[in-house]
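For reference, the structure discussed in these notes is given below.
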Amino acid sequence: MFGEILDWMLTPLLLLWPISLALTWLVAQNIAGKPFDRALEFNVQALAKFVVVKNNQVQFNLTGPAREILRADDTDLVYYQVRGARGEYLAGERDLPQPTEDEKIQDNEVRLREDKINGEDVRVAYTWIKLDLKNDDKSTVNVLVQVAETLEKRKTLATEIVKGTMVPQFVTLPLAVLLVWLALVRGIKPLAQLEKRIRARKPDDMSPLDDNAVPEEVAPLVSSINDLLSRLKVSLTTQKRFLADAAHQLKTPLAGLRMQADLAQRETNADELKKSLKHIGKSSIRATHTVNQLLALARAESTGHSLAKQTIDLVSIASEVVADSVPRAIEKQIDLGYEGPEPGGRATQLEGNPTLLKELVRNLLDNAIAYTPEKGQVTLRLLADTFSGVLVLLVEDSGPGIPAAERELVFQPFYRALGTNVDGSGLGLAIVVEIANQHDATVSIEEAQLAGHPESPGTRIAVRFGAGGRQGLV
């Protein structure tokens, strides 16, 4: 960052310096030429006084002292020329070019132009003199007087002006670079201090950074980092609690396994040995179920939107999970059924991950079967509204129900309603909520009151897939 800012500040400075040099040279030439132009104008006006009319003829009589003044310059060459009304040569340098023919003649007006003589650049001052002829028609003539000078003195003066201007710049440019570097070092010092403070923090330090000691421009960045640290702290706290709860949940079946294994080793009675082995089997099933639920929750939390989604038919997934749950329902003598559209309908299609959605339906049915007493009822329903594009998955049971005060708590990992006496990990609904969130769906709980079971409040869990997650399908 320091190097980039320094580059952006010094690059324009270094690029503008040669442009400044070129502009200074042009301005210096203009300034240096002005006094010499005035001298040329004076010489033209002085020479014009020597042009006279005698015997109706234009004559130019240049005195010796005047000629010596024109030749007195040791640095530049000075040329002059006088031409009559018809352009005939009268005096001076024959090769000195004349003004353009289309130029309008103005009496006694001195003009300046750039030209060449003998291949050398010169500055020319010229004027036309109107003279009256004493003839019968009293006509007038215009006589051209020109004075030209080479440009050596002008170039020398311009060079001296440029030297006087640019030499200080050669001194001030490195000083400016140094001052810019020092200003950047001072300006970026709070960032360097912030970097040191961040590097000095311990890995487990999630406290917010102090934004009072940073520049105003950096305050939004520090605020964003603090927000990130806050969210990361919540995430780490949740993970620690999850790991602690997972360790606690696994500890019980594993301790039971160890105890039953110790008892089995000591037993000599075959019947008691079978009982111990049966307990070991139940404990292993419970531990396996807990591990599978933990893996399912971890997979749901970590994959999410990064997992590939596709167009799937929720009827097919629900039917498959219901078929897989039939043996368990028969074991508990539970009436397990499905009500809803037939497979293949467009209204029951959505964009999602089939593996996660199957896990969602399986957890809902497992919970319902686990908490429904024998000879109870569990029903999975699918409701599709083709107009609003809403698809609702309902799982209803004739179990004891969930008190209103606990309906938000049951979505937390490892939470189980008291007084149910049902084996479980407390992760099923947490997995359902996580998968539903990743499919832009909402989960709600209410009483079911199924027909034929008036004594049981029952539970109805609804997963509502909105039109936003099914756009383009309905």
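The alpha-carbon of Lys155 sits under 30 angstrom from the alpha-carbons of these lysines, leaving out residues fewer than 8 places away in its chain: Lys34, Lys116, Lys163.
How large, in Å, is the stretch 85-158 by the Kirkwood hydrodynamic radius built from its alpha-carbon pairs? It would help to have the intermediate numbers written out before the result.
Working: mean 1/r = 0.0710 Å⁻¹.
Roughly 14.1 Å, rounded to one decimal.
In the context of the full set of protein chains, the stretch 43-181 has a per residue accessible area of 60 Å² (1.4 Å probe). Compared with the rule-of-thumb size 2.2 N^0.38 Å for a compact globular protein, the stretch 334-443 has a Cα radius of gyration ratio of 1.12. Accessible surface calculations at 1.4 Å, restricted to protein heavy atoms, place the stretch 304-379 at 47 Å² per residue. Placing a pseudo-label 7 Å from each Cα along the Cα-to-Cβ vector at Ile225 and Gln169 gives an inter-label distance of 4.2 nm.
The lysines within cross-link reach of Lys282, meaning a Cα-to-Cα straight distance under 18 Å and a gap of 8 or more places when in the same chain, are Lys251, Lys274, Lys332. Among 371-384, 332-345, 189-202, the peptide with the highest mean count of other Cβ atoms within 10 Å heads the list, and the full ranking is 371-384, 332-345, 189-202. Charged neighbours of Glu396, selected by a Cβ distance under 12 Å, balance to -3 (K, R count +1; D, E count -1).
Please give the FRET efficiency for Arg38 paired with Ala183, using the beta carbon to beta carbon distance and R0 = 60 Å, rounded to the nearest 0.05.
On the way: r = 47 Å, r/R0 = 0.78.
About 0.80, to the nearest 0.05.
So what's the net charge close to Ile330: Lys and Arg +1, Asp and Glu -1, counting the other residues with Cβ under 13 Å from its Cβ?
For residues surrounding Ile330, the net value is -1.
The convex hull of the Cα atoms of the stretch 341-396, projected and averaged over all directions, covers 4.5 nm². For Lys375, the aspartates and glutamates whose Cα falls under 17 Å of its own Cα, not counting residues fewer than eight places away in the same chain, are Glu331, Asp335, Asp366, Glu396, Asp397, Glu455. All other residues with a Cβ under 15 Å from the Cβ of Tyr89 taken together, and with Lys, Arg as +1 and Asp, Glu as -1, what is their net charge? Residues close to Tyr89 contribute a combined charge of 0. Spin-label model, Asp132/Arg86: points 7 Å from Cα along the beta carbon direction are separated by 2.4 nm. The portion of the accessible surface of the stretch 90-166 made up by carbon and sulfur, rounded to a whole percent, is 44 (1.4 Å probe; DNA, RNA and ligands excluded).
The values are calculated or read from the model by the stated rules, or taken from the named source; none is laboratory data. Computed from a predicted structure; not experimentally measured. Reconstructed Cβ throughout: ideal geometry from the backbone, glycine too, with neighbour counts over all protein chains shown. Calculation scope for accessible area: heavy atoms of the full protein, side chains included, ligands and nucleic acids excluded. Shrake-Rupley method; radii C 1.70, N 1.55, O 1.52, S 1.80 Å.
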